[in-house]
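Trainee: Dropping the structure in here first, questions after.
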Amino acid sequence: MASHSAEVAADFRDALQDLKINSRPEISNLTVIAKENTEHAQAISRELENHIRLTRPEWKLPALYVLDSIVKNVGTPYTVYLGRNLFRTFMEAYTLVDPGTRKAMEGLLKTWKLPVPESLDTRPVFSAEVTREIENALIKFRTVTIQHQQQQARNQRQPYGQLPARPPQQPQYRESPTPNPQGPYGYPIPPQKTTEPPRSPVPRYLSPAHQGIPSASRQPYLPPSTAPPPDIGRIKDTLKQIILSATMEVSQRPADERARSLLTTLLSLQKVLESGSLAPDQIRQVEGEIQRISGALLPRTSTPSVPTHFAPAPAPTQSAPPVALPFPFPPPAAASSQRATPQPSQPPTMDLSQLLRQFNPTPASAPSQARPPPQPANDLLASLRAAGLLGGGRATPEPSAQPQLQTAPLNDVKLDPVSLKISRPNLIRLLYSARPDQCRECARRFPATEEGKKRKTRHLDWHFKTNMRIADTSKSVISRSWYIDEREWIDYRESDDTSSDKGSGSSKAKKPDPKDQYVPVPTDASLANAHCPICQEKFDAQWHEETQQPVWFDAMHIGGRIYHASCYAELSKASGMGAGGAGGRAGGSNIAASNTARSTPDPILGKRKWHAGAE
Amino acid sequence: MAFPGLSLPGLNITQSPPPTNLTTTAASAPPRTISLAATSEFRFEASHNSPLTITLTSGTAEIFGTELAPSRRYTFRGSKCAIFTWEGCTLTVEGTSESEYTAEETPMNVYANVHFALERLRGGVENARDGETRPRVLVVGPDDAGKTSLVKMLAGYAIRSGRRPVVVNLDQKQGMLSVPGSLSAMVVGTGLGGLDVEEVGGWGNSPISGPSAGVVMMPVVYHYGCEGVESEGPRGEVWRGLVTRLALAVMSRVENDEEVKGAGCIIDTPGFLGSSKGTSYEMIQHVVSEFSVNVILTLGSERLYNHLTKRFSSLGPYDDPITILKLSKSGGCVDRDAAYLQSLRHDQIRSYFFGTSPSATLSPYTQLLDFSFLSIYTLADPTAATNTAFLPGGVDAETAGTESDGALFVKVTPSLRMLNSLLAILHCPKEADDETLRQASVVGYVYVSDVDEAKSRVSLLVPVTGRVPERAMIWGEWPEGVADLVG
């Protein structure tokens, strides 16, 4: 068993070695191996961790994608094994890769906090403790990076310790809130001169002593900049802009209570941010709110970016205009709920969730109106509009925006495993409530439009006629029809009972007279391929809705043979043969009559029509 | 063997017996109400003898992609089905089932997403280029992985999205709008809002001579007539030929029919193709190239998925890349045992001749025909060729002796061995060569109810009145005879 396990692990390792780019087939292949060998999960997990640790930085991301794919597609026991060392695996890789890869890794981490798409299991991919630990470390890491850069700027070429340039074996977050089993790593803590308490040591391996690592991976440390940490700084900047426009709003409309209250909220939010006492997920929450507000508020001066979300789809057809969205596409509902629900966390200096709730002028306790699709931006738009921050006439009024979203939701489903797993209730609605008008008899649905109504009426007529006909023919004998030949099938066109009125549409017969006549397609196969004796052409089989059988239009029985009615009419005219005579003979065509006696009397009706029409 | 005598139209002497016992069983089981939470499904197996009646009392529900009408009584007999609900519903169930339970874990989300992804290929302005990217979907997987159900779902959703794709059945084990042993294709999406979930096989009906309240679709049918599929040997040759022919018909139809063009086609396959055995990959390859398949959905087999990914990832000559996806099998898939499959086949055959729904009872006719009238061919079996002498009145010695060396089909005279089996009437003349025989589509099926070798007369059950078409007939080795079809 153990040797087998080692074998599987070795196989897996070999496959991993080849993974140098983000290649979906290879990653899914590795996932499959993992899935098929869950009994060796421990060995495989170890292999994967080792690989991520040891491989070159630029190959770490694909390997992390393998990890991601395995935990999402296979789940336990891999989540258990990989979860144990996830912090280490993740952080070690994180410190060594370039900023672009870090972004991607942060993206991965984000998805690990959510449940696996599609799965009914609402638990996140990795437990919250695991991910939170990493997140805390990331925050610290950024702070440290900045401080480090600042310090580096100050003492340009200050010599650092002489530890060998190798990837560290242990992460160095001494002061991380979770107990670090590895214990502190002994190295001198450079004294910090910042206002921050000296709790964040500069990890040694961040130093430029990393000579062996390609320059790309050192990029973040090279240019000493005074820029604040990316996310908090950006948040602050955005917030400043928002406050600015909110202030303008207040100054323009001093009487507006709501704008004023929004401004106070924003200002206090700024205070909280400045104090720097927020937990990482709270910062994210704030960031989310701010992005939403800024999206709604700032574009007033530039292009309206939020309303483009509701870009008016002029034709609410069944299929929405496909828009390729970047992968991975987070489900909007999940995203919004993530942001909207205040997450339980350590109490900060201020109750953040309450603060955030103030963005919505409606009392937080009151249940928000039941809106069918939770659209992330809607709440905010509504609240901002209520607050008078959005000009009433300028934005799309909510009532009109909502139905559009319902009838033409974005169909972004791609034929790839990840995209297919995302739950899309909006699209499912296309199959149901987008066409609310339902036939009670067969469940067929019609859109609630004028055209839909017309179609439904025709459809119900069809049901009615069919039921009548079934009642009529209940005593007559019905049998299976022969199948048509492949050539006829290729040319065959089913007619839809609701598509249009009879006569036009799929049937080519336009003239009301002889072409309206029809003969059921002869059941005798030899006759079924018969040609019109006059023009020598074959007959076109079409489905006759009224009699529910395939028929030849523009055809008639004369003396046991079938003619094109139009050909025959012309011939009779030319030869001076009376139509009455033809009709009489047609009536006497006993073969035809006997041939069709079992079926409905419609063909005879057809003849009468022709008869009357000719006279 | 009862002699049915001359044709007795409308007497329906052969109507199957269930009516008497179904009322008793239905009465014995009290109606029960089942509440389904959103995105869960009610799985049931209705026996062949006693039907299960299900009514949707509130909410919305669907069976394999076809929505159920509210308050309508649906009757199921001999079917293993699942009623799924996206939004939650209540059902009233009457009658006894062999098994029923509610399941919450389903792959429906992924299946529905497959549909929406296909919709993007179908619709959309960016794909307007000559319909080249229209989805031509192949569903492969081992037996009992839910292939046909998935095909039905994709077809059902397509219909509800206003599409009219061609559905192709290459699974000879279960017929589609026809009897087992046949391959067929049809355009779905006319009239009613889905497929006919009550019909045997769950598709609908091929046309009948009178009105029908159910789903009627026009198929094109080809006869295969063997139980298994294989790549080599005469059977393989016939199978390949039929697939090519069927693909040709479907492609011509798709090209010429504007409404069908955009919707593409969905192809169901026999479990053998998904078995990863022997020549199954060659056969998949054949289907893929004949139908220019551009989406392959593999169901319930990792191995198959990986092999296909390897095989088709480096395809040069195809402009269209082939997307291969792996879908998980639904937990509701049950292994259908031989007895169930047999009764399903018999139901299909019976329904071809007699119809199923009470509103459309069909009346076939019995005809007595002289041996000389019939021109029956059968697939030459190289191993059996030497044994012809032992067959009672078997293979025509003359033809067999001279032609069977290279010929695919040999002509046979009717014999008692044909009793209770089906003959396929082909759209080709009585005297036809191999090439014509193996490519001709089917006019219809007749059932051999009696063979009188002394008088050289055969008694046939014919679905349609009038003369039996003077066409070549194929006597297949499969499906097996149905003893109780007549009398």
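The values are calculated or read from the model by the stated rules, or taken from the named source; none is laboratory data. Treat the numbers as computed from the prediction; the structure is a model and nothing was measured. Glycine also receives a Cβ, built like all others from the backbone with ideal geometry; neighbour counts cover every protein chain displayed. Areas reflect the complete protein model, heavy atoms only, side chains present, ligands, DNA and RNA absent. Shrake-Rupley method; radii C 1.70, N 1.55, O 1.52, S 1.80 Å.
Trainee: Quick one: ranking B:Thr33, B:Thr96 by accessible area, 1.4 Å probe, largest first, what do you get?
Mentor: B:Thr33, B:Thr96
Trainee: May I pose another question? Counting pairs of alpha carbon atoms under 8 Å apart in space and at least six apart in sequence, what relative contact order in percent does segment B:127-327 give?
Mentor: 30 percent
Trainee: List the residues whose amide H sits under 5 Å from the amide H of B:Thr323, counting only those 5 or more places along or on another chain, with H placed 1.01 Å from N in the peptide plane.
Mentor: Under 5 Å from the amide H of B:Thr323: B:Val295, B:Ile296.
Trainee: Also, I was wondering about something else. If we count every other residue with Cβ under 13 angstrom of B:Glu290's Cβ, Lys/Arg +1 and Asp/Glu -1, where does the sum land?
Mentor: +2
Trainee: Follow-up question, since we're still on this one. Past 28 Å, Cα to Cα: identify those pairs from B:Lys80/B:Lys310; A:Lys20/A:Lys72; A:Lys72/A:Lys240; A:Lys465/A:Lys538; B:Lys277/B:Lys310, in the order given.
Mentor: Violating the 28 Å limit, Cα to Cα: B:Lys80/B:Lys310; A:Lys72/A:Lys240; A:Lys465/A:Lys538.
Trainee: Here's something else I'd like to know. Could you tell me the total accessible area buried at the A-B interface, probe 1.4 Å, in square angstrom to the nearest hundred?
Mentor: Approximately 7500 Å², summed over both chains.
Trainee: Determine the shape class of segment A:1-126: with a ≥ b ≥ c the square roots of the Cα gyration tensor eigenvalues, call it rounded for a/c under 1.5, and otherwise prolate if a/b is greater than b/c, oblate otherwise.
Mentor: Details: a/c = 1.60, a/b = 1.11, b/c = 1.44.
Taking the square roots of the gyration eigenvalues as a ≥ b ≥ c, segment A:1-126 is oblate.
Trainee: Going by amide H atoms built from the backbone, whose H comes under 5 Å of the H on A:Gln438, apart from near neighbours?
Mentor: A:Phe446
Trainee: Follow-up. Summarise the partner chain shielding of A:451-459 as one whole number: the mean count of Cβ atoms from other chains within 10 Å of each residue's Cβ.
Mentor: 0
Trainee: B:Val200: accessible area at probe 1.4 Å, nearest 10 Å²?
Mentor: 30 Å²
Trainee: Further, regarding this structure: Give, in nm to one decimal, the length gained when the segment between B:Trp478 and B:Glu435 is fully stretched (0.36 nm per residue of separation minus the Cα-Cα distance).
Mentor: Going from the current span to full extension adds 13.4 nm.
Trainee: A follow-up question, please. Would you rank B:Ser372, B:Ser449, A:Ser119 by solvent-accessible area, highest first, keeping every protein chain in place and using a 1.4 Å probe?
Mentor: On the way: B:Ser372 95, B:Ser449 0, A:Ser119 50 Å².
Largest accessible area first, the residues go B:Ser372, A:Ser119, B:Ser449.
Trainee: Using protein chains only and a probe of 1.4 angstrom, how many square angstrom of B:Ile376 are accessible, to the nearest 10?
Mentor: That residue has around 0 Å² of solvent-accessible surface.
Trainee: Next question, about the same structure. Give me the accessible area of B:Phe64, 1.4 Å probe, in Å² rounded to the nearest 10.
Mentor: Using a 1.4 Å probe on the heavy atoms, I get roughly 30 Å².
Trainee: Another question, then. Among DSSP beta bridges lying fully in segment B:124-259, give the percent that are antiparallel, nearest 5.
Mentor: The antiparallel proportion sits near 90 percent.
Trainee: Given labels modelled 7 Å from the Cα in the Cβ direction, how far is it in nm from A:Ser5 to A:Ala104?
Mentor: If labels sit at A:Ser5 and A:Ala104, their model points lie 3.2 nm apart.
Trainee: While we're looking at this one, here's another question. Quick check: with the 1.4 Å probe, what order do B:Lys310, B:Lys261 take by accessible area, largest first?
Mentor: In descending accessible area the options line up as B:Lys310, B:Lys261.
Trainee: B:Asp381 versus A:Asp18, label points 7 Å from Cα toward the beta carbon: distance in nm?
Mentor: 4.5 nm
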